[in-house]
1. Starting from the Cα-Cα distance between Asp259 and Gln68, subtract it from 0.36 nm times their residue separation and give me the gain in nm to one decimal.
2. What length, rounded to one decimal in nm, is gained on full extension from Val194 through to Tyr285, with 0.36 nm per residue of separation minus their alpha-carbon distance?
3. Length gain on complete extension for the stretch Asp40 to Leu229, per 0.36 nm per residue less the alpha carbon to alpha carbon distance?
4. Using the Cα centre as the reference, give the magnitude of the dipole from point charges on the C-beta atoms of the chain (Lys, Arg: +1; Asp, Glu: -1; all else neutral), rounded to the nearest 20 debye.
5. Could you state the angle between the C-alpha long axis of helix 41-60 and the longest principal axis of the C-alpha atoms of the chain, as a value from 0 to 90 degrees rounded to the nearest 10?
6. Taking 7 Å along the Cα-to-C-beta vector as the label spot, tell me the Leu101-Asp86 distance in nanometres, rounded to one decimal.
7. For the range 68-152, just say rounded, prolate or oblate: build the C-alpha gyration tensor, square-root its eigenvalues into a ≥ b ≥ c, call rounded for a/c under 1.5, and beyond that prolate if a/b exceeds b/c, oblate if not.
8. Using only helices, what value at 222 nm comes out for the chain when you add -39,500 (n - 2.57) per DSSP H run of length 4 or more and divide by the total residues, to the nearest 500 deg cm²/dmol?
Amino acid sequence: MGEMSMEIRCVGVVGCGVMGGGIAQLCAAKGYRVVVIEKDAAVLKKGVNGIESAFEKLAAAGKITQIQQETWLSHVHADTDFGRLDTCDFVIEAVTENLALKKSVFKTLDGICPSRTIFATNTSVLPVIEMAHATARPEKVIGTHFLTPPPVIPLLELVRTLQTSDDTVQVTRSFGETLGKKVIVSKDTPGFIVNRVLTSILFNAVRLYEQGIATKQDIDTAMTQGLGLPMGPFGLIDLIGMDTIELGSDALFSELNEDQYRCPVTIRRMVSAGMLGRKSGKGFYDY
């Protein structure tokens, strides 16, 4: 059994937004056959176009050949029908951070995929065990938290629930390493490792700004030039999306009940105003 489950050839991705599209792109470029499912046809088209143009840019820059570009793209099979996932060995869910929605996705997957298939969730804050229990195979459910953008950031954070089997962890770790990722493992606690630490940094920066202690630009410069972070907190919040930050921190705060995870009022007001960051053209900065 252990040996059987090792061979991953076909990877399913549910959701073709920024995360799902990025994960599909990464897997296709590493030689996996990828079935990407998105119920919204417009989002699917946009996501697939994003993958195409990413490969085109690599070819235009001479990083890959024309043949490679075509081969990688031929690995991607996009559809709105969940039934297409019945051939997948490993399925990654990358839909919106909404527990009810994710559980319904897992329930659907459980009815479609063969018993060998491992299910992974790309959640960054929600309890993986609750999704696992929407299935009849909780030992085969694991968190695979890819960071934005998945093709670029070298980290993959695995989340092991109380019921995830050793075999599932091992197979997923090997799979992550074939994607060129540095793999770390966290227990199934809110925010895991990255977001537990990152949320505090981001919110502390916003609080400094709210208190008038320094400008956004100076706080961002302090973090990039002083601490060597690739991007300042305000630029990063705009990139992640104000609404995503609010959702995520509310989930953290409700479980941990620590003030450091309480969403700053400024972020809530900006969400209400539709100032979501890059995706809306305006956040802490203008785009």
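The values are calculated or read from the model by the stated rules, or taken from the named source; none is laboratory data. Just so it is clear, the model here is predicted, and its values are computed rather than measured. Please note: Cβ atoms are built from the backbone with ideal geometry, for glycine as well, and neighbour counts cover all protein chains shown. To get the accessible areas, we keep the full protein, side chains included, count just its heavy atoms, and leave off ligands, DNA and RNA. Shrake-Rupley method; radii C 1.70, N 1.55, O 1.52, S 1.80 Å.
1. Values: separation 191, 0.36 × 191 = 68.76 nm, distance 4.97 nm.
Contour length minus Cα-Cα distance gives 63.8 nm.
2. Details: separation 91, 0.36 × 91 = 32.76 nm, distance 2.41 nm.
Roughly 30.3 nm would be gained on extension.
3. Numbers: separation 189, 0.36 × 189 = 68.04 nm, distance 3.55 nm.
Roughly 64.5 nm would be gained on extension.
4. On the way: 29 positive and 32 negative charges, 59 e Å.
Computed about the Cα centre, the dipole is about 280 debye.
5. That helix lies at roughly 90 degrees to the long axis.
6. Going by the 7 Å Cα→Cβ label model, 2.7 nm.
7. Numbers: a/c = 1.96, a/b = 1.31, b/c = 1.49.
It is oblate, given that a/c is not under 1.5 and a/b is not larger than b/c.
8. Numbers: 11 runs with 127 residues, N = 287.
When only DSSP H runs of four or more count, the value is -13500 deg cm²/dmol.
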